[in-house]
Amino acid sequence: MSNTKELVLQSSVQLGSMELATPRDVVVTATAVAKELANIIDSKRLYVTMKNGKYVKVEGWATLGSMLGITPKERSVVTFVEGEGPERVHQFEAYIDLVRNSDGVVIGGASAICRTDEVLKRKDGGSYKRWGGMDLNAPRSMAITRATSKALRIALAWIMVLGGYKPTPAEEMEGVIDAEFSEPAKPVAAQQTAPAQASAPGSPKSASDWTAFYTYADSLMDHESAVKISEEFRARGEGAVEAFEHVRANFG
């Protein structure tokens, strides 16, 4: 009986849910995907700009995953509690799997943490407690967001680079975003000729003026935190004006 083993060459290469013939096909396909992805990221502003390039938000990374037939799936979120009373700190550690849609196989994943005592720096050199005044759902969701973008980055960063973006997700750049963050230029609104009401510069003109709220909030914190705050105020039946005043009082 012979113990000789035959070397079997793989007849195809997998790129997400796509089965391609050769490594060259992988590069060609990935380049085309990156081009289409860049159109979406730029048109929907799914990135933050820093001095050395564009960092894509989790929504952009999730879009890339979807284009390749890959879905992030929450495996678990573990909560750790430190201290007592007002000094109590919650730490959330999220685990995310990357699932290939074509057959349900887990092809990757990552973990990430978020703590309620996180402190971020402002552009003016000051600092603020990121989760001050917010319930525990916000930092828990951020742990999931970080793990999601990290898992997709580990698997797909090379394609994001082909699109002209930095390989690190925006969520992993927290702590330096506020120091160097700059939004893409926005059109300057025409000056009003009617007397304006006494209010803070840039404050929302109505309860539904969430654009003004995000413009202000994004200058003080990352966009994910601004979205969480807006969701909390919407759930209570309050509008952009109240959310703006909350951010100005606690983070401004």
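The values are calculated or read from the model by the stated rules, or taken from the named source; none is laboratory data. Just so you know, these numbers come straight off a predicted model, no measurement behind them. FYI the Cβ positions are ideal-geometry reconstructions off the backbone, even for glycines, and counts take in every protein chain you see.
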Members of the range 215-252 found to be in a helix (DSSP H, G or I), within 22 Å of residue 170 (Cβ to Cβ) and among the polar types (S, T, N, Q), listed by number: 215, 225, 230
Residue pairs meeting the criteria (Cβ under 6 Å; at least 6 apart or on separate chains; first closer than 18 Å to residue 81 by Cβ, in the range 125-146; second charged (D, E, K, R) and in a helix (DSSP H, G or I)): 138/228
Single match in 177, 154, 144, 159 (criterion: modelled with pLDDT under 90 and among the β-branched types (Val, Ile, Thr)): 177
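Restricting attention to the range 36-70, and to residues there that are in contact (Cβ under 8 Å) with a residue 12 or more places away in the chain and acidic (Asp, Glu), which single residue is surrounded by the most Cβ atoms within 10 Å (Cβ to Cβ)? Steps first, answer last, please.
First pass over the range 36-70, keeping only residues in contact (Cβ under 8 Å) with a residue 12 or more places away in the chain: 36-38, 40-41, 44-65, 67-70.
Imposing the further condition that a residue be acidic (Asp, Glu) reduces the set to 36, 59.
Numbers: 36: 13, 59: 19.
Going through the qualifying residues, I end up with 59.
Might you let me know whether the range 74-85 holds any residue that is among the aromatic types (Phe, Trp, Tyr) and surrounded by 12 or more Cβ atoms within 10 Å (Cβ to Cβ)?
Within the range 74-85, the first condition is being among the aromatic types (Phe, Trp, Tyr), and the residues that meet it are 80.
Add one more test, that the residue is surrounded by 12 or more Cβ atoms within 10 Å (Cβ to Cβ), and what stays is none.
No, every residue in the range 74-85 fails to be among the aromatic types (Phe, Trp, Tyr) and surrounded by 12 or more Cβ atoms within 10 Å (Cβ to Cβ).
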Checking residue 74 against (1) in a helix (DSSP H, G or I); (2) touching a residue at least 60 places away in the same chain (Cβ under 8 Å), the condition it does not meet: (1)
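More than 18 Å from the chain's Cα centre (by Cα) and buried (at least 17 other Cβ atoms within 10 Å of the Cβ), is that true of residue 33? Spell out how you get there, then give the answer.
Values: more than 18 Å from the chain's Cα centre (by Cα): yes; buried (at least 17 other Cβ atoms within 10 Å of the Cβ): yes.
So residue 33 fits the description; yes.
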Hits in the range 128-161 - residues which are within 16 Å of residue 96 (Cα to Cα) and of a type in the set (Val, Ile, Thr): 144, 145, 148, 154
Any pair with Cβ under 6 angstrom, 6 or more apart, that starts in the range 14-27 at a residue that is closer than 19 Å to residue 107 by Cα and ends at one that is of a type in the set (Val, Ile, Thr) and at pLDDT below 90: 20/13; 23/13; 26/13
Residue ID - modelled with the lowest pLDDT, chosen from residues in the range 124-140 that are surrounded by 13 or more Cβ atoms within 10 Å (Cβ to Cβ) and farther than 26 Å from residue 73 by Cβ: 133
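Hey, among the residues in the range 77-105 that are outside any strand (DSSP E or B) and either at positive phi or aromatic (Phe, Trp, Tyr) (or both), which one's modelled with the highest pLDDT? Steps first, please.
Of all residues in the range 77-105, those outside any strand (DSSP E or B) come to 83-88, 101-105.
Restricting the remaining residues to those that are either at positive phi or aromatic (Phe, Trp, Tyr) (or both) gives 83, 85, 104.
Details: 83: 89, 85: 83, 104: 95.
Only one residue fits best here, namely 104.
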Spans of strands (runs of 3 or more DSSP E) in the range 106-167 with at least 3 residues touching a Ser or Thr at 6+ places or on another chain (Cβ under 8 Å): 119-121
Filter result for the condition that a residue is at pLDDT below 75, surrounded by fewer than 19 Cβ atoms within 10 Å (Cβ to Cβ) and under 30 Å from residue 66 (Cβ atoms), over 172, 183: 183
Single residue of 143, 151, 112 found to be buried (at least 20 other Cβ atoms within 10 Å of the Cβ) and in contact with a Pro (Cβ under 7 Å, 6 or more places away or on another chain): 151
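Filter the range 220-252 for residues that are among the polar types (S, T, N, Q) and crowded, with 17+ Cβ neighbours inside 10 Å; which is nearest to residue 46 (Cα to Cα)?
At the first step, the residues of the range 220-252 found to be among the polar types (S, T, N, Q) are 225, 230, 250.
Right, trim to crowded, with 17+ Cβ neighbours inside 10 Å and you get 225, 230.
Values: 225: 15, 230: 18 Å.
Among residues in the range 220-252 that are among the polar types (S, T, N, Q) and crowded, with 17+ Cβ neighbours inside 10 Å, the one nearest to residue 46 (Cα to Cα) is 225.
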